[in-house]
1. Tally time: how many residues in the range 144-188 are in a helix (DSSP H, G or I), under 19 Å from residue 205 (Cα atoms) and not aliphatic (A, V, I, L, M)?
2. Checking the condition in contact with a Cys (Cβ under 6 Å, 6 or more places away or on another chain) and either farther than 30 Å from residue 181 by Cα or modelled with pLDDT of 95 or more (or both), which residue from 51, 108 passes?
3. Go through the range 319-359 and report how many residues are among the aliphatic types (A, V, I, L, M), under 12 Å from residue 386 (Cα atoms) and surrounded by 20 or more Cβ atoms within 10 Å (Cβ to Cβ).
4. So how many residues does the range 219-267 have that are closer than 18 Å to residue 199 by Cα and surrounded by fewer than 23 Cβ atoms within 10 Å (Cβ to Cβ)?
5. Pick out the one residue from 112, 120, 148, 116 that is within 25 Å of residue 300 (Cβ to Cβ) and either surrounded by 16 or more Cβ atoms within 10 Å (Cβ to Cβ) or basic (Lys, Arg) (or both).
6. Residues in the range 165-179 that are without any contact (Cβ under 8 Å) to a residue 40 or more places away in the chain and under 23 Å from residue 127 (Cβ atoms): how many?
7. For the list (1) touching a Leu at 6+ places or on another chain (Cβ under 8 Å); (2) more than 16 Å from residue 253 (Cα to Cα); (3) buried (at least 18 other Cβ atoms within 10 Å of the Cβ), I need the number of the one condition that residue 314 fails.
Amino acid sequence: MTAPVASATSDALLGVYRRAPMEFVRGSGVELFDETGKAYLDFVAGIAVNALGYGDAGLEAAMRDGMESGILHVSNLYRTLPGERLSEKLVERTFADRVFFCNSGAEANEGAFKIARRWARSTGGAAKHEIIALRGGFHGRLFGTLAATDRPSYRAPFRPLAGGISIVERDLAELDAVLNPETVAAVIVEPVQGEGGVRVLDHAFLRALREMTRTRGIALILDEIQCGYGRTGSFFAYEQIGIEPDMLTTAKPMAGGLPMGAILVTEALASTMQPGDHGTTFGGGPFLSTVALHVFDRLSDPALLQQVKDNGAWLGSALNALAGRSEKVRAVRGTGYMWGIDIVDPAKDVIGRALDLGLLLCSAGEHTLRLLPPLVMGRTDLERGVALMEQAIG
């Protein structure tokens, strides 16, 4: 790849990302275009955010509708209709009775931890406060969520992390020993661990964990920030498992690329939260919520979800066939439009070669490629992307 050309402002950004060298200036359908006009087929989707791809006419119309009132923001001190309508739709579509809107997935998980502890204190006193996360999970990079995130390199520079949060193995026997109803407030789980290698947790394991938490009076939080909102072929992944959580966190594609997250919660937990217990300046504002209403309607559409399920099954077969042809592919895991491919070479090297070929990939570990195409991507483009990836893997 050619070296990046420094711009007048490139040194002004905090250096926490190793950005690719090209500059994207335009998007159309499921492709991005750089400043030279080169097209890139997008298998990243802004890290599972751009579910509707680029230039979606309905998304653009929703943004125009959101501007018509002239109100982008009024704060949560006042009522506005779009956020209330969106919360009603989410309640009608899911297990939840209440919704809290925020700005990101990490904020949603931080808020869920607070709700869990507030509820647990009301049922078990101050001792009932521990949060349990699972090996391989990723829940954010704020102090509470970082303590629940199983990435040692992310955690080490920022110790000491928030207390009362532990990570345990994905093992029912260990969980049985750890889940003390007198001290544990909640367990947080990704049904499909994204950053942790795209690991689809066994449905029987999750059903057993749900029963274990229910009988012990421990809240179950499902983190569907990456795997929710249609990515697995159902609106939320829990629908395919046959369980209902006490809370669910979501974010990434909610507002079509604008920053938005949410906590979905049952009345039993929500009723313990009082005015002043939590807050957000921007969450659920009228402009964001107007856009998010359109995204909700599109991504909860049964026809789109069936397409993701069908094409996802084809994609899994194609990736397994690739693994059978290539000694450089060690394993394939995933579901719907969310896949991980373990490879022999460093993932960054393959990602670099894919860029040269006009394909965007991201990683989920040093030797794992992660595929997160827009949910509107059709079979022809999926086939093209797999072929380009095979070339990049070599």
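The values are calculated or read from the model by the stated rules, or taken from the named source; none is laboratory data. Computed from a predicted structure; not experimentally measured. Positions of Cβ are backbone-derived with ideal geometry, glycine not excepted, and every protein chain shown enters the neighbour counts.
1. Residues flagged as in a helix (DSSP H, G or I), under 19 Å from residue 205 (Cα atoms) and not aliphatic (A, V, I, L, M) within the range 144-188 amount to 2.
2. On the way: 51 fails: in contact with a Cys (Cβ under 6 Å, 6 or more places away or on another chain).
After ruling out the rest, the residue left standing is 108.
3. Number of matching residues: 4.
4. So the count comes out to 4.
5. Details: 120 fails: within 25 Å of residue 300 (Cβ to Cβ); 148 fails: within 25 Å of residue 300 (Cβ to Cβ); 116 fails: within 25 Å of residue 300 (Cβ to Cβ).
Only one candidate passes the filter, namely 112.
6. Narrowing the range 165-179 to residues without any contact (Cβ under 8 Å) to a residue 40 or more places away in the chain: 166-171, 173-174, 176-177.
The next check asks that each one be under 23 Å from residue 127 (Cβ atoms); those that pass are 166-168, 174, 176-177.
Of the residues in the range 165-179, 6 are without any contact (Cβ under 8 Å) to a residue 40 or more places away in the chain and under 23 Å from residue 127 (Cβ atoms).
7. (3)
Residues are listed down the side, and each one gets a yes or a no for (1) surrounded by 24 or more Cβ atoms within 10 Å (Cβ to Cβ); (2) in a loop (DSSP other than H, G, I, E, B); (3) in contact with a helix residue (DSSP H, G or I) (Cβ under 6 Å, 6 or more places away or on another chain):
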{"residue": "269", "(1), (2), (3)": "yes, no, yes"}
{"residue": "272", "(1), (2), (3)": "no, yes, yes"}
{"residue": "282", "(1), (2), (3)": "no, yes, no"}
{"residue": "289", "(1), (2), (3)": "yes, no, yes"}
{"residue": "293", "(1), (2), (3)": "no, no, yes"}
